[in-house]
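Working notes for the structure below.
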Protein chains: 2
Amino acid sequence: MPRTSPLNQDISLSLIKTACSSCNLRELCLPFGLNLEELERLDDMVSTRRRIKRGDHLYRAGEAFDSIFAIRSGFFKTDVLLEDGRDQVTGFQMAGELLGLDGISTEHHTCNAIALEDSEICSIPFSRLESLSREIHTLQHHFHKVMSREIVRDHGVMMLLGTMRAEERLAAFLLNLSQRFTARGFSHAEFYLRMTREEIGSYLGLKLETVSRAFSRFQEEGYIAVQQKHIRILDVNGLKALMNHRS
Amino acid sequence: MPRTSPLNQDISLSLIKTACSSCNLRELCLPFGLNLEELERLDDMVSTRRRIKRGDHLYRAGEAFDSIFAIRSGFFKTDVLLEDGRDQVTGFQMAGELLGLDGISTEHHTCNAIALEDSEICSIPFSRLESLSREIHTLQHHFHKVMSREIVRDHGVMMLLGTMRAEERLAAFLLNLSQRFTARGFSHAEFYLRMTREEIGSYLGLKLETVSRAFSRFQEEGYIAVQQKHIRILDVNGLKALMNHRS
DNA sequence: GCTTTAGCTTGATCCAAGTCAACCGAAAAA
DNA sequence: TTTTTCGGTTGACTTGGATCAAGCTAAAGC
């Protein structure tokens, strides 16, 4: 939501001005744990908000890195392209999550970030994030936690790709989405997929046909109801059980 | 190497005292880019060195996190255990690399770190690393780069697990090891594997038999010479070509 | 020294997921 | 409105790697 200070009636400015202090994602995003005064200093840093239309790139692999991005609304995927044309989706990101952390290491982005629906992002110039986190201990620590969480998440995906069979992977994927939607106040049982079967397959190391077949099986078993991109989870425990049984 | 200041002849103390400023890994490890004065402040922080015998745990999943670890010498693996007994090796770490970054997020370690040969590590209390990096800009930035590099590395493994066939995975693995040994001044063409076929397989999402067969094929093709854990790379380009051709 | 055991290799067989192909349905374009 | 296109589903067939099994090698223990 835009800032609506009674002292500042300049609507056109306030609309493009981002304000972490009034953002309803502040408990999920970078501002987590900051007090009011610290929040206002963060507001100064996160200067620009930008709209990204569905299908557009937020950044491309190889571009110079200078900011990380917080998703204010919408849905993204990141993917990596190999020289020989193979590519893989490395993640799906939703509101409150950060994009671009991979670029810090080489000062160039190492993957593409593409909007899967019309989205809004906040740019956070990285050098300013570093200088502010030298002053605000809480911000520094939270940022470290976010980076570490990304590493843990990636280990989870490696686990999934390395040890799970097709249906287990898809079950894990659906449960993960459900859990993230819940954290954002949406239904845990009913949602629309923003990505195609092919993108799901790429992320899970499967072909689109295999993803489609697994959806059909889940439906036959009564775990879910699928209609194209519309998913209803009917039996969370069924899906969970599917994952924990070594077969 | 231990500190050998002419002013401090207390050998017993200097042996257990770590000194980043005289460590020959400082260009690979956390001290990278620091000046002398900054290095000495880092020395104060990295207080303890510890020996870990082959097969012993440096830490276990679930333990409280309070330090990250730099490998001074030796070789480690990290692995994750799922409830149902499945496990997967998530990485192999060698001298100059950091262990424990995954623990920052939840303040508990999320994987096990096990020495694959007798090793020495430096403990770096994380809260002190944070406070020091609030003062030393270069340290802060370098630490962020190291965390980011870990994320990029994990994306590479996801790519490998998601899109490559068995022989491509093993070729990528050997080339990666070779490159890391080179960076440490060892031969790029000849080295001993510290891990078993089963551990390699676990890391690459393959069974040990498949790893063994791939080694044999590489030998038949003249790419490498294998004898148990002793590897000689005879044709780097052969291995590289194997990875880049979509088949 | 010999014995044991953990790790490695190789062969035979099987199966989960990939490939190829046809068709369907929904949404976008004309 | 009709047509086209893109994404999804389903079936038939193939295959890469898993599984099962036997034997080998080298280092560790006695």
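The values are calculated or read from the model by the stated rules, or taken from the named source; none is laboratory data. Remember, it's a predicted structure, so these values are computed and weren't measured experimentally. All Cβ positions, even for glycine, are placed from backbone atoms using ideal geometry, and neighbour counts span all protein chains on display. To get the accessible areas, we keep the full protein, side chains included, count just its heavy atoms, and leave off ligands, DNA and RNA. Shrake-Rupley method; radii C 1.70, N 1.55, O 1.52, S 1.80 Å.
Overview of results
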| quantity | calculated |
| --- | --- |
| Calculated FRET efficiency for the pair B:GLU37/A:ARG153, C-beta based, R₀ 51 Å, to 0.05 | 0.85 |
| Segment A:108-247: Rg to Rh, with Rh as the Kirkwood radius over Cα pairs | 1.04 |
| Size descriptor, Kirkwood hydrodynamic radius, that averages inverse alpha-carbon separations across segment B:11-137, Å | 15.2 |
| Residue among B:GLY185, B:GLY103, B:GLY74 with the largest mean-square fluctuation in a Gaussian network model of chain B, springs linking Cα atoms under 10 Å | B:GLY185 |
| Virtual spin-label span in nm between A:LEU234 and A:ASP87, 7 Å along Cα→Cβ | 3.6 |
| Distance histogram for segment A:94-138 (every C-alpha pair counted, 5 angstrom bins, percent rounded to whole numbers) | 5, 16, 22, 25, 19, 9, 4, 0 |
| Summed buried accessible surface, chains A and B, 1.4 Å probe, nearest 100 Å² | 4500 |
| q = 0.06, 0.11, 0.12 Å⁻¹, the protein assembly as shown: log10 I(q)/I(0) [Debye, one scatterer per Cα] | -0.30, -1.02, -1.20 |
| Angle between chain B longest axis and helix B:137-163 axis [Cα atoms, degrees, rounded to 10] | 20 |
| With Cα atoms, 0 to 90° folded angle of helix A:126-135 axis to chain A main axis | 70 |
| Relative contact order computed over chain B (Cα-Cα under 8 Å; 6+ residues apart), in percent | 17 |
| Charge sum, other residues only, whose C-beta stays under 11 Å from A:VAL89's C-beta, Lys/Arg counted +1 and Asp/Glu -1 | -3 |
| Translational D in µm²/s for segment B:200-246 (Stokes-Einstein at 10 °C, 1.306 mPa s, Kirkwood Rh from C-alpha pairs) | 141 |
| Within segment A:143-182: backbone nitrogen closer than 19 Å to the A:GLU27 label point (7 Å, Cα to C-beta) | A:143, A:146, A:178-182 |
| Under-5 Å amide H pairs with A:LEU58, H placed in peptide plane, nonlocal only | A:ALA113, A:ILE114, A:ALA115 |
| Crossing angle, helix A:36-45 versus chain A [Cα axis fit, 0-90 degrees, rounded to tens] | 90 |
| Principal axis dimensions, largest first and in whole angstrom, of segment A:164-244 by Cα | 32, 25, 22 |
| For B:THR182, inter-copy label distances in nm, listed shortest first [label point 7 Å out on the Cα-Cβ vector] | 4.8 |
| Area projected by the alpha carbon convex hull of segment B:75-176, averaged over all directions, nm² | 8.2 |
| Accessible surface of segment B:136-247, 1.4 Å probe, proportion on carbon and sulfur as whole % | 49 |
| For segment B:190-203, Karplus couplings with θ = phi - 60° (6.51, -1.76, 1.60), whole Hz, Gly/Pro x | 9, 7, 9, 6, 8, 10, 7, 4, 5, 5, 4, x, 4, 5 |
| Three-way shape label, segment A:126-169, alpha-carbon gyration tensor, a/c 1.5 | prolate |
| Rg followed by Dmax, in Å, when chain A is reduced to its Cα trace | 19.4, 64 |
| Ascending list, in nanometres, of distances separating the B:GLU209 label from those of the other copies (7 Å, Cα toward Cβ) | 2.6 |
| At 7 Å out from Cα toward Cβ: A:HIS108 inter-copy label distances (nm, ascending) | 4.1 |
